[in-house]
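Just so it is clear, none of the values below were taken in a lab; they were calculated from the coordinates. Please read these numbers as outputs of a predicted model, since none were measured by experiment. Cβ: placed from backbone, ideal geometry, glycine included. Neighbour counts: every protein chain shown.
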Amino acid sequence: MEERLSDGELLESAERLIAEGDFENAEKTLSKIKHKSGRLYFLKSLVYKNKMWYNQQRKMLKRALKAEPQNEKYITEYEQLEAFRKTAEYKELRRQANMGTCGELCVEGGGECCCLLICEGICDGL
């Protein structure tokens, strides 16, 4: 029978896995935690950051800050994300994510095919 770890032990384990770059197992570990906390949300935000799921990262950071508004680590991470969201790199990543496979067609077609102008509307919205 598998021993049930406490939420604190699971948080410690997830934090160690994130430090080691094992985001997949960190995410699995975090999913086992029952008690919601600023630390849980912050660690989830780091997993989402690694996946480049910036909207989810932002959502988790907001929850972490709501739970612990004075936590400097959370504040710094949130400010860094907000600054990154204003960069051309972020906008390009979002454009590529929104266009998906269609974006490859647009590049191959020199922008002329642009999926019946659907992609163009998405790109203009960024």
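The listed peptides 36-49, 16-29, 53-66, ordered by packing as a protection proxy, come out as 36-49, 53-66, 16-29 (highest mean of other Cβ atoms within 10 Å first). The mean sequence separation of alpha-carbon pairs under 8 Å and at least six residues apart, normalised by the residue count of the stretch 1-77, gives a relative contact order of 23 percent. Peptides 89-96, 7-14, 73-80 ordered by packing proxy, namely the average of other Cβ atoms within 10 Å per residue, highest first: 7-14, 73-80, 89-96. Oblate is the label for the stretch 28-70, because a/c, from the alpha-carbon gyration tensor with a ≥ b ≥ c as root eigenvalues, is 1.5 or above and a/b does not exceed b/c.
Here LYS36 is the anchor, and the lysines within straight C-alpha reach of less than 24 Å, apart from those fewer than 8 places off in the same chain, are LYS28, LYS44, LYS49, LYS51, LYS59, LYS62, LYS66, LYS73.
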